[in-house]
Amino acid sequence: MPTYNEVVSFWQNKRASGEATIEQHLDSFRVLFAYHSGKIENDEVNYHDTREIFENGKVQNYTGSPRALFEQQNQKLCYDFLKDKIENREPLTLQLIKEIHLTLTAGTFDERRFIENGERPGEFKKHDYVTGVLEVGAAAEDVEMELQDLLEEVNNYQGNNRLTAAAYFHARFENIHPFADGNGRVGRMLMNYYLLIHNFPPLIVYEEDKKIYFECLQRFDEKEELQPLTRFLAYETEKTWTKAWELEQRQQVQHRSLEEHMIDR
């Protein structure tokens with residue numbers, strides 16, 4: 001498995017050279033990201049249906065939960081929505097956060113939140129929710145102010161340690177818990193958006209690693225310790241891009257071998 005710095009170099013070199021292979025890798029990435037991000041919070045999500053949605057725009061003979069299907073369709077729509085914004089490196093804003101939430105959660109709010117509580121996709125929560133063992137989460141009336149403060153912090157950051165900044169943004173976003181539902185999916189999408197607009201590789205939080213993921217977020221909630229989450233995200237980045245990195249290493253070895261052979265001749 002490559003180191004995190006090796007993955008960053010691989011990513012940035014491919015981007016700088018304009019190679020089409022990175023776009024091919026991203027096609028596979030977005031399916032896997034959507035699957036794992038959805039699966040973390042909805043066990044009915046499966047890889048086959050997710051791939052069918054991304055590749056064909058529909059699922060044949062579907063018999064599962066309509067919500068699971070909506071969630072994965074929304075993941076695809078969100079990628080399409082963000083593509084130009086990523087290319088233009090548009091900064092994070094409150095409006096963008098709301099638009100991402102609207103896209104990812106359209107058609108998935110339950111009756112109690114939608115009718116009884118008056119909460120809608122694309123709108124901040126109107127009520128307080130128990131969000132973890134410490135019942136973290138900003139009060140509904142403080143959400144917009146706390147998010148705006150957070151955005152000013154991350155948008156004004158000028159350092160090179162973008163993974164730490166992304167980890168901080170993600171941990172604080174989940175701690176604020178600005179929406180009635182969908183905070184995890186939105187938070188992971190926002191984290192990757194932040195990385196991509198700063199030319200750092202996006203990552204998948206793998207469903208099989210969710211126990212560690214939640215523990216790292218809890219460490220931040222309890223003690224404001226960010227290092228466990230940063231280390232975890234570095235590992236997930238390495239895991240996300242191992243196959244692509246190893247393929248490039250093999251191709252480089254083959255290329256050098258061919259060059260040496262031609263010189264010997």
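The values are calculated or read from the model by the stated rules, or taken from the named source; none is laboratory data. Source: prediction; values computed, not measured. Note: ideal-geometry Cβ built from the backbone for every residue, glycine included; neighbour counts use all protein chains shown.
Looking only at residues in the range 1-49 that are part of a helix (DSSP H, G or I) and among the acidic types (Asp, Glu), the one that is farthest from Gln72 (Cα to Cα) is Glu6.
Looking only at residues of the range 106-140 that are outside any loop (DSSP other than H, G, I, E, B) and buried (at least 16 other Cβ atoms within 10 Å of the Cβ), we find that the one that is modelled with the lowest pLDDT is Arg113. Regarding the range 81-89, can at least one residue be identified that is touching a Ser or Thr at 6+ places or on another chain (Cβ under 9 Å) and either modelled with pLDDT of 90 or more or buried (at least 16 other Cβ atoms within 10 Å of the Cβ) (or both)? Yes, the range 81-89 contains a residue that is touching a Ser or Thr at 6+ places or on another chain (Cβ under 9 Å) and either modelled with pLDDT of 90 or more or buried (at least 16 other Cβ atoms within 10 Å of the Cβ) (or both). Restricting Ala244, Ala234 to those that are in contact with a helix residue (DSSP H, G or I) (Cβ under 7 Å, 6 or more places away or on another chain), modelled with pLDDT of 95 or more and not charged (D, E, K, R) reduces the list to Ala234.
Say we look at the range 217-227 and pick out the residues that are in contact (Cβ under 8 Å) with a residue 24 or more places away in the chain and in a helix (DSSP H, G or I); which of these is nearest to Ile176 (Cα to Cα)? The qualifying residue nearest to Ile176 (Cα to Cα) is Asp221. Evaluation of Thr3 against the conditions (1) modelled with pLDDT of 95 or more; (2) under 18 Å from the mean Cα position of the chain (by Cα) shows that the sole unmet condition is (2).
Note on the range 32-91: residues that are aromatic (Phe, Trp, Tyr) and within 14 Å of the chain's Cα centre (by Cα) total 3. Asp149 satisfies every condition listed in (1) surrounded by fewer than 22 Cβ atoms within 10 Å (Cβ to Cβ); (2) touching a helix residue (DSSP H, G or I) at 6+ places or on another chain (Cβ under 6 Å); (3) outside any loop (DSSP other than H, G, I, E, B) except (2).
Out of curiosity, is Arg162 at pLDDT 85 or above, closer than 22 Å to Phe214 by Cα and among the charged types (D, E, K, R)? Yes: the conditions hold for Arg162. Pairs under 9 Å by beta carbon, first residue in contact (Cβ under 8 Å) with a residue 12 or more places away in the chain and over 14 Å from Thr50 (Cβ atoms) in the range 63-91, partner in a helix (DSSP H, G or I) and of a type in the set (Asp, Glu), six or more apart or different chains? Note: pairs meeting the criteria are Phe81/Glu99; Glu90/Asp84. Take Leu203 and decide whether it is in contact (Cβ under 8 Å) with a residue 12 or more places away in the chain and either more than 22 Å from Leu26 (Cβ to Cβ) or assigned to a helix (DSSP H, G or I) (or both). Against the criterion (in contact (Cβ under 8 Å) with a residue 12 or more places away in the chain and either more than 22 Å from Leu26 (Cβ to Cβ) or assigned to a helix (DSSP H, G or I) (or both)), Leu203 does not qualify. Condition check for Gln249 on (1) of a type outside the set (Ser, Thr, Tyr); (2) modelled with pLDDT under 95; (3) under 28 Å from Arg89 (Cβ atoms): one failure, at (3).
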